[in-house]
Amino acid sequence: MSELIDKALKRPNLAVEIAGIKLRNPVMPASGTFGYGEEYAPFLDLEKIGAIVTKGLSLKPKAGNPTPRIAETTSGMLNAIGLQNVGIDAFVQHKMPFLRTVNTPVIANFFGNTLEEYGEVAKRLNDIPEIAAVELNISCPNVKQGGIVFGTDPKAASEVVTLVRKYLQKPLIVKLTPNVTDITVVARAVEEAGADAIACINTLTGMSVDIHTRKPRIANCTGGLSGPAIRPVAVRMVHQVVQTVSVPVIGIGGIVTPMDALEFLIVGARAIQVGTANFVDPTAMLTIIDGIEQFCIDEGIDDIHQLIGSLKF
Amino acid sequence: MLMRHSLIRESKQIMKNYRTKIISNQEISPGYFRMKVLAPGFGENAHPGQFVMFRVQRSLPPLLRRPFGIFRTGFLPADCDGLPPVEFVEIVYKVVGSGTSIMAELHQGDRVELLGPLGNGFDCTSRQGEKILVGGGIGLVPLYMLAGELIENGCSVRLLMGGRSRDDIFAVTEFERLGVETYISTDDGTLGEEGLVTQVLERKLQKYPAAEVYSCGPMAMLNAVHNICLEHNTPLQVSLEESMACGVGACLGCVVKGAGHTEEKPSYLCSCKVGPVFKSQYLDWSALAQNNSDCGGCA
């Protein structure tokens, strides 16, 4: 019915499908920048965004890294939070009840310290009916184990995806790190291992120094760089991955404005994630959705699929 | 995690993103500015000790918002145009970095955004007794609303104002108009007593041993205040200032170590959500004293 009304009003269709889940539009938060959804409920209607992506979950609660954990750099932000999260049990008990009340697909991001832990969390998440899809984090640069160890080696990446696949009937999105020589190698490996979609990029490893104290500005020494500073790198990598794999790609990296999001869609991202911009403006995703819609109207596009992958050479 | 929840006092938590305008922005002391921003409906939800995340300008840089303590809220007197009085929120800030330098250049009518009121403020439900407020420099800001509320509650309030020099002392008359007794000390003796504000605290606690203490200021000062209060067995609430990205508990960038934090059983508390005001016994003071970043980083 609403589709008919949209058509009558000549509103463009923004709905997309990722790995079998239907999103009302291609805009969702990046894991770790949106808490468990509830944190941002006072500021925006969670039923207007395409999906909710949770903070990365692990088997046991994780305390995260020492402080200071964040530092602003030119048009960017360095962070080394260290995947602090409540753990899967507390997530089910305290965070899911709220998420159940929201009529928007929930994507649970998760990670493990070991292969077994990845498998165990996947099993647990598979048992939660209200979770639409999971996003496997093999790309966090800020923890010693887990994450990036699996994400930088195509063989290890393939192994963890194969294992998780075994326990998971839900759609599986794999989130990749840009901190590799050739992202397409890892992308191909995880696609072959059974990923239903690929999300990229996670943060770029960076470092910043306080010249007066001569200490690193974050306690972990290095951190992940996010924000507008990384966007051109992200667009390039999303473009490369889109050219390499046939599964849908979710574009991430420094998206602040609707124009930023459109760049990713044009190079072929089926959906996009907004990260650091949520911190700057809690309503950023709504502005981006409205802006994409307006762009479609202005350009005479009635379905967003006409835009996705429309890059001209 | 359990402790974390029990720490959050009941508050209304009605926060909003205000896309709004500056009413005034004036330098009140070298390097210190006070800015009034139009904010209808802000006051009824704001609690002493809460803060706002301020977006300096729509363009970049700076990228992230900056946290600022709420100095006060109020209404401008109604104009003769018959329109209702205008509600504002007022912050006081010190120019310490690129963000606050841009803010200092803003004028009446400039568009800004602020998110708030945020965080968990002071517990000022106490209906009587002696209260001692200790503020260092920009740390005086959240104490103004606190003093007002405590006096309204029937408490007797003494404010110890400290700073490096007289430039760091502001709003003395306004505090006094609330009915607060003020004591000023500066490191260089350019205003009030020469020396540290904590020396004054020692004396006052000897005179008023049953007092409760509330404090905000540089970490070194807070740490000294904590030690003195510990010695006198005096209840203390402190307002911390940490760098943060979101202000709403999502980024987890502003955490501080809670009391009893160990490598095996870590306790990190979000200073934006559990704080910025903490009862001092809930904090790991040895870690705080070590991480003495002195708030310059957040602005």
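The values are calculated or read from the model by the stated rules, or taken from the named source; none is laboratory data. Remember, predicted model here, so these are calculated numbers, not experimental data. No Cβ is skipped: glycine too gets one built from the backbone with ideal geometry, and neighbour counts run over all protein chains shown.
What to note about this one:
- For the range B:253-267, a residue qualifies if it is within 26 Å of B:Leu140 (Cα to Cα) and of a type outside the set (Lys, Arg), and the qualifying residues are B:Gly253, B:Cys254, B:Val255, B:Val256, B:Gly258, B:Ala259.
- Leading residue by the ranking (farthest from the chain's Cα centre (by Cα)) among those in the range B:29-48 that are in a strand (DSSP E or B) and of a type outside the set (Phe, Trp, Tyr): B:Leu38
- Test: residue in the range B:201-224 that is without any contact (Cβ under 8 Å) to a residue 60 or more places away in the chain, away from chain A (no Cβ under 14 Å), closer than 30 Å to B:Val52 by Cβ and out of contact with any Lys or Arg (no Cβ under 9 Å at 6 or more places or on another chain): yes
- Of all the numbered requirements in (1) within 28 Å of B:Ala147 (Cα to Cα); (2) out of contact with any helix residue (DSSP H, G or I) (no Cβ under 9 Å at 6 or more places or on another chain), B:Pro117 misses one, and that requirement is (2).
- Search result, residues across the range A:52-96 that are hydroxyl-bearing (Ser, Thr, Tyr) and more than 9 Å from chain B (Cβ to nearest Cβ): A:Thr54, A:Ser58
- Among residues of the range A:221-235 that are within 12 Å of chain B (Cβ to nearest Cβ), those with a beta-carbon under 9 Å from a residue that is of a type in the set (Asp, Glu) at least six positions away or on a different chain give the pairs A:Gly227/A:Glu72; A:Pro228/A:Asp260; A:Arg231/A:Asp260; A:Arg231/A:Glu263.
- No other residue among B:Gly116, B:Gly99 is modelled with pLDDT under 95, assigned to a strand (DSSP E or B), within 14 Å of chain A (Cβ to nearest Cβ) and crowded, with 20+ Cβ neighbours inside 10 Å apart from B:Gly116.
- Residue in the range A:258-276 that is more than 23 Å from A:Ala19 (Cα to Cα) and acidic (Asp, Glu) present: yes
- Residue in the range A:107-119 that is without any contact (Cβ under 8 Å) to a residue 40 or more places away in the chain, more than 14 Å from chain B (Cβ to nearest Cβ) and over 16 Å from the mean Cα position of the chain (by Cα) present: yes
- First in the range A:241-257 and away from chain B (no Cβ under 14 Å), second anywhere and buried (at least 24 other Cβ atoms within 10 Å of the Cβ) and acidic (Asp, Glu), Cβ under 9 Å, 6 or more apart: A:Ile250/A:Glu135
- Test: residue in the range B:238-261 that is in contact (Cβ under 8 Å) with a residue 40 or more places away in the chain and more than 13 Å from chain A (Cβ to nearest Cβ): yes
- The residues listed here are B:Ile184, B:Ile169, B:Ile151; of these, the one that is crowded, with 20+ Cβ neighbours inside 10 Å and either closer than 19 Å to B:Arg34 by Cβ or touching a strand residue (DSSP E or B) at 6+ places or on another chain (Cβ under 7 Å) (or both) is B:Ile169.
- Residue list for the range B:57-69, restricted to those being over 13 Å from the mean Cα position of the chain (by Cα), in contact (Cβ under 8 Å) with a residue 40 or more places away in the chain and either surrounded by fewer than 21 Cβ atoms within 10 Å (Cβ to Cβ) or closer than 25 Å to B:Phe278 by Cα (or both): B:Gln57, B:Arg58, B:Leu64, B:Arg65, B:Arg66
One line per residue, one yes/no per condition, for (1) farther than 21 Å from A:Ala133 by Cβ; (2) in contact with a Lys or Arg (Cβ under 7 Å, 6 or more places away or on another chain); (3) surrounded by fewer than 22 Cβ atoms within 10 Å (Cβ to Cβ):
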site: A:Ile173; (1), (2), (3): no, no, no
site: A:Val180; (1), (2), (3): yes, no, yes
site: A:Ala193; (1), (2), (3): no, yes, yes
site: A:Asn202; (1), (2), (3): no, yes, no
site: A:Asp210; (1), (2), (3): yes, yes, yes
site: A:Pro228; (1), (2), (3): yes, no, no
